[in-house]
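Notes follow the structure.
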Amino acid sequence: MNIELSRKEFRRLLDMVYIGNWVLNSTRGDDRFTDYDKVESKLFALCRKYGMDSLVEKWEGEDIPSKKFSDGGIHEAIMDYEDTVFFEILAEELARRDMDYRPVGKDNYDELISRMDEYIAEFEAHGTDNILIDSMD
């Protein structure tokens, strides 16, 4: 298979592959999906061919994203995504709790969304500062 990409498109593909592999493998410890690591390695190895040597390094014989690559802002993008997902999941869980965990259907969907929007507005204004758990000091 051949795919033609501009230099900029290839660089974006590296970002997407890194982010995808991070999502799949960063929490798995030794139980990694190694086939995704291999695809990442194969793509990053192409950096040398296209004059992007600083984005790849060898580790235990494998081509991996370099420290320069991983420190270049990609983790900020991942953290922004994780923060958004965290607050959206928290808002939904709190809204469902407020609704006594009733199944969501046409009759209460708007209520769920309204409650979630209120929580999201609170989180945007104050983060987690106003979240209290009575049983903890």
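The values are calculated or read from the model by the stated rules, or taken from the named source; none is laboratory data. Fair warning: this is a prediction, and the values are worked out from it, not measured in the lab. Glycine also receives a Cβ, built like all others from the backbone with ideal geometry; neighbour counts cover every protein chain displayed.
Miscellaneous remarks
- The set of residues in segment 75-113 that are of a type in the set (Gly, Ala, Ser) and surrounded by 12 or more Cβ atoms within 10 Å (Cβ to Cβ) comprises ALA77, ALA91, ALA95.
- Scan of segment 1-60 for residues that are in contact with a strand residue (DSSP E or B) (Cβ under 6 Å, 6 or more places away or on another chain), part of a helix (DSSP H, G or I) and under 19 Å from GLY73 (Cβ atoms), ordered by number: TYR18, PHE44, CYS47
- Qualifying residue in segment 43-52 (condition: surrounded by 12 or more Cβ atoms within 10 Å (Cβ to Cβ), farther than 25 Å from GLU82 by Cα and not hydrophobic (A, V, I, L, M, F, W, C)): yes
- Residues that are more than 11 Å from ILE120 (Cα to Cα) and of a type outside the set (A, V, I, L, M, F, W, C) within segment 82-104 comprise GLU82, ASP83, GLU93, ARG96, ARG97, ASP98, ASP100, TYR101, ARG102, PRO103, listed in sequence order.
- Residue within segment 125-132 that is within 29 Å of LEU24 (Cα to Cα), modelled with pLDDT of 95 or more and not in a loop (DSSP other than H, G, I, E, B) present: no
- Apart from one condition, LEU94 fits all of (1) in contact with a helix residue (DSSP H, G or I) (Cβ under 7 Å, 6 or more places away or on another chain); (2) farther than 30 Å from MET52 by Cβ; (3) free of Cβ contacts under 8 Å to residues at least 24 places away in the same chain; the exception is (3).
- Of all the residues in segment 84-124, those that are of a type in the set (Ser, Thr, Tyr) and not in a helix (DSSP H, G or I) number 1.
- Among the residues of segment 54-84, just one is under 20 Å from PHE10 (Cα atoms) and among the aromatic types (Phe, Trp, Tyr), namely PHE69.
- Selection count, segment 61-73, where residues are surrounded by 14 or more Cβ atoms within 10 Å (Cβ to Cβ) and assigned to a helix (DSSP H, G or I): 3
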